[in-house]
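The values are calculated or read from the model by the stated rules, or taken from the named source; none is laboratory data. Remember, predicted model here, so these are calculated numbers, not experimental data. Positions of Cβ are generated from backbone atoms using ideal geometry, with glycine treated the same way; all protein chains shown enter the neighbour counts.
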Amino acid sequence: MNEFAEVWFANQGWKPHHFQEETWRKMAQGKSGLLNAPTGFGKTFAIWFGILEHYYRQRDQKKNRKNTLHSLWITPLRALSKEIHKAASGVSDDLELDYRVELRTGDTSVSARQKQRKNPPHSLITTPESVHLLLATKGSTAYFENLEFIVVDEWHELLGSKRGVLMELAMSRIKAINPKLKIWGISATIGNLEEAQEILLGKNHKGVMVKANLKKKVEIRTILPDNIETFPWAGHLGIKLLDKVVDVVNQYNSTLIFTNTRSQSEIWYQQIITKYPEFAGILAIHHGSLSDEIRVWVENALHEGRLKAVVCTSSLDLGVDFRPVDCVIQIGSPKGVARFLQRAGRSGHRPDETSYIYFVPTNSLEIIEGDSLKYAVADKILEQRMPYIRSFDVLIQYLMTLAVGDGLDAQRVYEEIKNTHCFDSVTEEEYYECLSMLIHGGKTLSAYEEFHRLVLKDNLYVVESKKLAMRHRLSIGAIVSDVMMSVKFLGGKYLGSIEESFIAKLRKGDVFWFAGRQLELLHIRAMEVFVKAAAKKKGVVPSWMGGRFSISPDLGLAIRHSFRSIHAVRNKSHEIKFLQPLFNEQAKRSVLPEEDELLIEYIHTRYGHHLFIYPFEGKLVHEGMAQVLAYRLGLIKPATFSISSTEYGFELLSSTEYAIDEALLNTILSVGNLHEDLTSGINVREMARRRFRDIAGIAGLVFQGYPGKEMKTKHLQANAGLFFNVFEEYDSKNLLLRQAYDEVFDFQLEEGRMQLAFRRINDHKIVLSFPDTLTPFAFPVFSESFREKYSNEDWQSRLETLKNQIAAK
Amino acid sequence: MLNGREVLLLPQKAVFIPQDEILIISDWHLGKLAHFRKEGLLVPSVPVADELNRLGELLESLPVKKVVFLGDLFHSRWNTEWDAFILYIHSFSHIRFVLTKGNHDILPDEIFKESSIQLLDQIELEGGIVLSHEPVKNLSDDKINLVGHIHPGCMITGQGRQQFRLPCFHLENNILTVPAFGKWTGLHMLKKTGNTRIFAVVNDAVLEV
């Protein structure tokens, strides 16, 4: 039993959960492991007391009292780091222990960081990026020499991203520095928990898995419009249901209103305040681009129960516990079952309470997701987190990090990374090609006399240029962001940051909405935008890049299940019954497909010829299918297509008309040559090009600039598209370029699932219809604003077509 | 036709004035990739000859006596690509080369003196055509100013919801902005307003949109 925990829990009047005791036991045995527990049950304490117990037991055995770093606690979010710090240092205070806990994040001041280096605390609460920053300083090996524990909090969040790769690499290095290192992960329940454990602890690990097995009650309700007839067929905003949302907010103490994007949250905030002025002062907004000051204020006000509601984004998804919150509203599709449940769990945080979550559809067909979410939660459908493999961009960054730090022992580090899941399959040749990019700027054989990045000294690669080392430290991380400009009041108060591309569209005197305020643009100086509160009523809302994710395959599965129940006679859910008039309209204008039928609509409008197909396979698979079909149609007659896809179906729009009949459809939907046809699609290049943007940023190809020192680096600014073009033309075998293509096939096209989808469709009966106008099924696909392009006409001949079109005008 | 002078907008992203036999090239940004490499950014090395030949083809196909670089000829500090460039233009001994200095042209004056390139702030041709990198302030209305600097581009929508980002020539009042000649340069997107005319470079033609 853990003495510290016993005393502390008794003082609090709490009784430990079984999983906490189990974790303390395993940690006392010196094991590594993965703890699977939901938030709100004290998972932090389960690990923390294990660490404390180890520290004091070990200290009693050893006489050496020199201060060294004993544990590292890594979280994906700064807000969460603060929370953990509060809890952990609270324990030290309560029990009057000398175990010192400190925070180290991007916010930590330079002087505090230096102190942490010279006189390390016992424990650092930090982020993956900060660990790499520590590795990028001289003396890092000695710093980690006596590190006993690494705890990775919310491991499921990091796992499916390149930040997870950062963690794998950091752990491989620190394990090599100190083989006694013990690793503990904390993860919510995901579809591939075993795999998550193996990636965290390494191949052939001897670690344990502790499962909390606690049930949490979740109540899901869909907010429906008064009638389906006046509810829009397309859209993502959901403002139509504003009044009903406010009704729900009024029924509860404190509500979190989750939106999917930052601009959507700004719009919702603005609309509620405009229509219900009584919310002024008790409604707040929270998203990732707002200043820390604003966010901390909102978080504190939530804790203290001073807010009726907060409009927020995924910035409030994780960890932090707001006791007064007793209701959650999700505007629009949550895009994933796990995310939906995570958000639901933000309400009714205590173990015995029920979580209430309301789903607000933003267009009529989306109502069906209310049915799907209930089904998915009841059936315990949970997403897997797919880990990245062979991320050469992160590897290159890491090698540079080590060279900036204590120097890079090339062969030794190769052995270390070979043991990670991500780089398990990397060959020695590929590894040295990455290294060679850093040493010579490319393959060794070419002449690159001007390039100096790494220098070999005493068998270690080091970075000699102070400028390069500094630039590298500034760009460590696996999140690539656009150039951001700070928004400030004249008095200097900092509100947050907006992408430069948005500001570039504004002129002096223009009004825009940001941080829930109406602001007038006064002037721009370097990277700062000065504003004042505006009196004018109308304003634009900034849009931020990124944050556009598609629905997870598992939610897609649940949606297909819902669509299957359209034709069911009994046991229809409330949502499905409500949608009946829409389905009747679909049947009237075109056809409502049965379960084993594939509906295809060919419609002519002033935009051109639209081919709509509804396989209900999920957006990702649809994108790939659309590419294949576009390619196959292009073989029949050369054409250029604009492609749009949703969870339900996809559209191929072209100015070229095809004689669509069943024979032609059978040809283009056949299973044969699928892989060849997919890879021949020119658009893979476009997709790879988009992927390359992040890869170039992470690998250090594109330099984002020193913060606040924009002018001096102007001559180094270029977008990743330019690099992509140069590589394609002059170094087409480059590993980073290949990585961009691999990521497209693994993460975007999901070839395996597509094969299955084509096979499934082949068993279906094709129902072809030629409606006069767009149908309820077609409309949401048609109005999707984000469209892909596909063409088998080359760029030259497409331009020729355009030329003729302009000339004809 | 500007101020009674024929001004040809070429699809090679350059301007030719037949009466004066002047070729105008703007924002070439030579040496950009080499500069990146020198600063430690990983870019494959690209033969500079590929870029130089693009100028060569123009000089061979047109009766050019004088080439005016409308600023931002060289991307940044000196690197070997400058020497390659100077060597290359020496092979056109019958042509004079002039540069109206741009914000990127930070090479010291001595380097220009050693070369055969004449350095000027702006040039005025007959017919009131003024050449400069950025628009000349307080220019009288009867003059026409040819400038570069912003790398103008435009978005054109074709049928079937296709969109094209294309370099363009941009005429607003008496200012004609010339697209960037360099291959590795970006575009600054401009929108058409009431008193502007936009001439997009579409393949091998320049078309008004």
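The residues of the range A:471-497 that are surrounded by fewer than 21 Cβ atoms within 10 Å (Cβ to Cβ), within 14 Å of another protein chain (Cβ to nearest Cβ) and modelled with pLDDT of 85 or more amount to a single one, A:ARG473. Selection within the range A:592-627: residues that are buried (at least 24 other Cβ atoms within 10 Å of the Cβ) and free of Cβ contacts under 8 Å to residues at least 60 places away in the same chain. The member of this set that is nearest to A:ILE559 (Cα to Cα) is A:HIS622. Taking the range A:356-449 as the region of interest, the helices (runs of 4 or more DSSP H) fully inside it that hold 1 or more residues being more than 14 Å from chain B (Cβ to nearest Cβ) and either in contact with a Phe, Trp or Tyr (Cβ under 7 Å, 6 or more places away or on another chain) or closer than 24 Å to A:ALA558 by Cβ (or both) are A:368-378, A:410-418, A:428-440. Which one is farthest from the other protein chains (Cβ to nearest Cβ) among residues in the range B:143-172 that are at pLDDT below 85 and either outside any strand (DSSP E or B) or in contact with a Leu (Cβ under 7 Å, 6 or more places away or on another chain) (or both)? Restricting to residues being at pLDDT below 85 and either outside any strand (DSSP E or B) or in contact with a Leu (Cβ under 7 Å, 6 or more places away or on another chain) (or both), the top hit is B:ARG165. Beta carbons closer than 9 Å, at least 6 apart along the sequence or on distinct chains, pair a first residue in the range B:116-132 that is touching a residue at least 24 places away in the same chain (Cβ under 8 Å) and closer than 20 Å to B:HIS104 by Cα with a second that is of a type in the set (Asp, Glu) and part of a strand (DSSP E or B) for B:LEU131/B:GLU124. Applying the criterion of being farther than 17 Å from B:GLY182 by Cβ and surrounded by 16 or more Cβ atoms within 10 Å (Cβ to Cβ) to the residues of the range B:63-77, the residue that is farthest from the other protein chains (Cβ to nearest Cβ) is B:LYS66.
Condition check: within 14 Å of chain B (Cβ to nearest Cβ), among the acidic types (Asp, Glu) and more than 28 Å from A:ASP746 (Cα to Cα). Does A:GLU657 satisfy that? Yes; evaluated as a whole, the condition is true for this residue. Can you name the residue in the range A:661-711 that is within 14 Å of chain B (Cβ to nearest Cβ), in a loop (DSSP other than H, G, I, E, B) and modelled with pLDDT of 75 or more and, of all such residues, is farthest from A:TYR602 (Cα to Cα)? If we take residues in the range A:661-711 being within 14 Å of chain B (Cβ to nearest Cβ), in a loop (DSSP other than H, G, I, E, B) and modelled with pLDDT of 75 or more, then A:GLY700 is farthest from A:TYR602 (Cα to Cα).
Within the range B:24-62, which residues are touching a Ser or Thr at 6+ places or on another chain (Cβ under 9 Å), within 12 Å of chain A (Cβ to nearest Cβ) and outside any helix (DSSP H, G or I)? Result: B:HIS29, B:GLY31, B:GLU39, B:GLY40, B:PRO44, B:SER45.
This table checks each residue for (1) assigned to a helix (DSSP H, G or I); (2) under 22 Å from A:PHE231 (Cβ atoms).
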residue	(1), (2)
A:ASN584	yes, yes
A:LYS588	yes, yes
A:ILE600	no, no
A:HIS604	no, no
A:TYR631	yes, no
A:SER642	no, no
A:GLU647	no, yes
A:LEU653	no, no
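I'd like to know if the range A:368-382 contains one or more residues that are surrounded by fewer than 20 Cβ atoms within 10 Å (Cβ to Cβ) and either more than 29 Å from the chain's Cα centre (by Cα) or of a type in the set (Gly, Ala, Ser) (or both). Yes, the range A:368-382 contains a residue that is surrounded by fewer than 20 Cβ atoms within 10 Å (Cβ to Cβ) and either more than 29 Å from the chain's Cα centre (by Cα) or of a type in the set (Gly, Ala, Ser) (or both).
The residues listed here are B:GLY182, B:GLY186; of these, the one that is assigned to a loop (DSSP other than H, G, I, E, B), under 27 Å from A:PHE724 (Cα atoms) and either within 9 Å of chain A (Cβ to nearest Cβ) or free of Cβ contacts under 8 Å to residues at least 40 places away in the same chain (or both) is B:GLY186. One residue stands out in the range A:632-647 among those that are at pLDDT below 85 and touching a helix residue (DSSP H, G or I) at 6+ places or on another chain (Cβ under 7 Å): the one that is nearest to the other protein chains (Cβ to nearest Cβ), namely A:THR640. Cβ-Cβ distances below 7 Å connect the following pairs, each with a first residue in the range B:82-95 that is surrounded by 13 or more Cβ atoms within 10 Å (Cβ to Cβ), a second residue that is among the aromatic types (Phe, Trp, Tyr), and a separation of six or more residues or different chains: B:TRP82/B:PHE74; B:ILE89/B:PHE97. Among the residues of the range A:519-538, those that are modelled with pLDDT under 85 and surrounded by fewer than 18 Cβ atoms within 10 Å (Cβ to Cβ) comprise A:HIS523, A:ILE524, A:ARG525, A:ALA526, A:GLU528, A:ALA535, A:LYS536, A:LYS537, A:LYS538.
Taking helices (runs of 4 or more DSSP H) as the structural unit, those lying wholly within the range A:1-66 and holding at least 3 residues that are out of contact with any Leu (no Cβ under 6 Å at 6 or more places or on another chain) and aliphatic (A, V, I, L, M) correspond to A:3-12, A:43-61.
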